[in-house]
Amino acid sequence: MTDTPRATGGPPLCAHCEQRPVPPSRGTKPRRYCSRSCVQRAYEKRQTQELLAAAVQQEKERQTRLMVAATVQLERERAEREQLLAAQSAPAVDARGAKSREDATTPGAKSRDDQERPRAKSRDDAAPARPQRAQPRRVGDFFRDIPAGMKLF
């Protein structure tokens with residue numbers, strides 16, 4: 001890809017094939033290629049290199065976006081774990097600000113009320129447990145239950 005003459009002092013070599021000498025110029029602009037074929041091949045090579053560079057750049061950007069998304073997701077999960085651990089390790093406090101019964105029974109713990117109040121029934125206590133729903137049946141299950149001699153249609 002050099003436009004310099006060969007070491008022996010002859011004409012410069014083709015910028016694409018670097019094997020054949022470049023013919024003399026017919027105008028003011030010096031020639032770089034030995035033939036139209038080398039001009040076309042050099043153009044195709046440049047186009048391919050540009051497309052390849054664009055594809056590599058796109059892939060780098062995609063990888064960066066994926067890394068950022070993964071980092072954000074990991075940070076969210078870490079924050080959720082920390083909140084969960086903090087909630088589990090903190091003493092339970094009811095709506096009045098008193099400590100829970102477990103904390104009140106520990107030695108040296110004091111609560112606002114020394115007497116226990118009856119616990120109000122919650123919605124969960126009043127409602128009976130719902131039975132688990134069976135899995136939906138498939139069409140083949142219906143045909144399996146039909147007696148062998150019965151005609152459907």
For this session: Please give, to one decimal in nm, the separation of the simple spin-label points placed at E82 and A55, each 7 Å out from Cα toward the Cβ.
Result: 4.3
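Using 0.36 nm per residue of separation minus the Cα-Cα distance, give me the extension gain between Q73 and S89 in nm, one decimal. Could you put the intermediate results ahead of the total?
Details: separation 16, 0.36 × 16 = 5.76 nm, distance 2.43 nm.
So the extension gain works out to 3.3 nm.
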For this session: Would you mind telling me the share, in percent, of accessible area of the stretch 13-71 contributed by carbon and sulfur at probe 1.4 angstrom?
Result: 56
Exercise. With the dipole of the stretch 11-87 worked out from charges on the C-beta (+1 for Lys and Arg, -1 for Asp and Glu) around the Cα centre, which of P12, Q58, A69 lies farthest toward the positive end?
Worked result: P12
Exercise. Which value, in debye to the nearest 20, gives the size of the charge dipole of the stretch 6-86 about its Cα centre, when Lys and Arg are +1 and Asp and Glu are -1 at the Cβ?
Worked result: 940
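Rank-order 52-62, 27-37 by packing density, defined as the average count of other C-beta atoms within 10 Å over each peptide's residues, highest first. Mind showing how you got there, number by number?
Values: 52-62: 10.0, 27-37: 12.4.
Descending packing order for the listed peptides: 27-37, 52-62.
The values are calculated or read from the model by the stated rules, or taken from the named source; none is laboratory data. Remember, it's a predicted structure, so these values are computed and weren't measured experimentally. Every residue, glycine among them, receives a Cβ derived from its backbone with ideal geometry; neighbour counts consider all protein chains shown. Note: accessible area is taken over every heavy atom of the protein model, side chains too, but ligands, DNA and RNA are not part of it. Shrake-Rupley method; radii C 1.70, N 1.55, O 1.52, S 1.80 Å.
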